[in-house]
Amino acid sequence: MIDIAPLLDGGVGARSVATQIDTACRELGFFRIIGHGIDPSVLERMDITARRFFDEPEATKRRVEMPLAGAAWRGWFPVRGEVTSGVPDRKEGLYVGLEHPADHPRVLDGTPLHGANLFPSGDLGPAVMAWVDAVMPVAAALMRGIALGLGLVPNWFERELTADPTVLFRIFHYPSMADNGTASEWGVGEHTDYGLLTLLAQDASGGLQVRTPTGEWIEVPADPGVIVCNIGDMLDKLTEGRYRSTPHRVRNVSGASRLSFPLFFDPSWDAVVTALPLDDTPPADDADRRWDGSSVRAWAGTYGQYLSDKVARVFPELFADVTGR
């Protein structure tokens with residue numbers, strides 16, 4: 001648990017916070033933050049309106065289903081409509097991103113994950129965007145802390161990788177699994193996130209698990225006032241494994257519906273992520289132990305290409321429909 005208030009207000013404790021974040025990223029790749037300054041009512045409003053949406057009949061939710069948004073990849077998908085590690089997840093969700101107008105160059109050329117959001121009528125859209133607006137300064141502050149922890153200037157990421165960040169947001173609804181974890185289905189299976197940094201708000205249900213470097217799975221405490229942070233594949237690649245893109249998974253056995261709200265703060269679409277010239281020796285490539293058996297370090301290309309490839313595997317049918325492949 002790290003109090004990040006000094007990062008937000010530029011206080012004298014900013015470097016101490018950066019050191020704590022650096023340690024967490026090297027040891028586990030996950031940490032929790034307080035002192036983020038977000039009004040609890042913003043999350044409460046989104047939680048209430050999201051539950052109202054997911055309680056709607058499926059026919060109503062299909063009015064904003066993802067195929068209607070085309071290449072923008074926005075909107076609702078049903079339970080088992082998303083695939084992780086080749087297995088359908090026991091969750092439904094709503095995909096959201098930054099709003100791109102119709103005349104945006106990437107919208108005009110059909111670039112995946114760019115376009116207008118597809119919200120149901122009512123309060124959910126404004127509630128979601130209010131949360132995104134509240135989290136963005138926190139994400140920027142954390143990236144300044146990560147830069148300091150790596151011995152870089154505070155604005156290094158903004159200058160080199162996130163001048164026009166790729167920002168995606170999800171609301172995931174996990175129906176209860178009251179079997180104490182013995183069923184074969186996972187709310188979401190083992191995976192790592194793709195970009196730089198994930199900031200996750202969740203309700204009090206619990207169910208998120210993180211794999212430690214020794215292979216043990218540990219439970220992440222559920223506290224709606226605390227934001228859970230983890231690093232993604234691009235930060236793992238940037239640091240050549242010094243920072244861990246840590247596998248995690250979800251199974252909801254709380255007896256109640258679970259909601260989670262991850263925001264992904266990632267490199268600019270056209271950014272090429274290359275390893276930093278850090279002084280210490282990096283650990284060996286762990287591709288053979290990764291959940292997907294692939295090497296993050298070996299990837300070459302833009303972040304947009306990496307993300308498109310990953311999302312295509314998560315929604316294979318939608319990808320085929322949109323691209324014709």
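Given segment 2-323, what percent of its DSSP beta bridges are antiparallel, to the nearest 5?
95
Ranked highest first by the average count of other Cβ atoms within 10 Å around their residues, in what order do 3-13, 26-36 fall?
Order by mean packing, descending: 26-36, 3-13.
If you take the charge dipole of segment 2-323 about its Cα centre, with +1 on Lys and Arg Cβ and -1 on Asp and Glu Cβ, which of L43, G189, S16 is farthest toward its positive end?
Highest projection toward the positive end goes to G189.
Based on the Cβ-Cβ distance of K310 and V12, what FRET efficiency does E = 1/(1 + (r/R0)^6) give at R0 = 25 Å, to the nearest 0.05? Spell out each step's value before the answer.
On the way: r = 40 Å, r/R0 = 1.60.
That gives a FRET efficiency of 0.05.
For the chain, with the dipole built from +1 on Lys and Arg beta-carbon atoms and -1 on Asp and Glu ones, taken about the Cα centre, which of W73, G145, Y306 lies farthest toward the positive end?
Value computed over the given set: W73.
Using alpha carbons only, how many degrees (0 to 90, rounded to 10) separate the axis of helix 124-149 from the longest principal axis of the chain?
Taking the Cα atoms of the chain, the angle to 124-149 is about 20 degrees.
Which Cα, out of T246, P57, P262, lies furthest along the positive dipole direction of the chain (beta carbon charges, K/R +1, D/E -1)?
The listed residue farthest towards the positive side: P57.
If R₀ is 45 angstrom, what is the calculated FRET efficiency for the pair D223 and A102, using the beta carbon separation as r and rounding to 0.05? Please list the in-between numbers first.
On the way: r = 40 Å, r/R0 = 0.90.
Approximately 0.65, to the nearest 0.05.
Below 8 Å between Cα atoms, with a sequence gap of 6+, how large is the relative contact order for segment 2-323 in percent?
20
Expressed as a whole number of Å, what is the distance separating the alpha-carbon centroids of segment 120-166 and segment 199-231?
20
Let me know the charge dipole size of segment 2-323 about its Cα centre in debye, to the nearest 20, where only the beta-carbon of Lys, Arg (+1) and Asp, Glu (-1) is charged. Provide the component values of the computation, followed by the final result.
On the way: 29 positive and 44 negative charges, 57 e Å.
Rounded to the nearest 20 debye, it is 280 debye.
By average Cβ neighbour count within 10 Å, what is the ranking of 94-105, 42-53, 165-176 from highest down?
165-176, 42-53, 94-105
For mean projected area of the Cα convex hull in nm², the listed values are [x] 17.5; [y] 16.1; [z] 23.8; which was obtained by calculation from the structure presented?
[y]
Laboratory data are not the source of any read-out in this text; all were calculated from the coordinates shown. Since this is a predicted model, take the numbers as computed values, not measurements. A quick note on method: Cβ atoms are made from the backbone with ideal geometry, for glycine too, and the neighbour counts reach across all protein chains shown.
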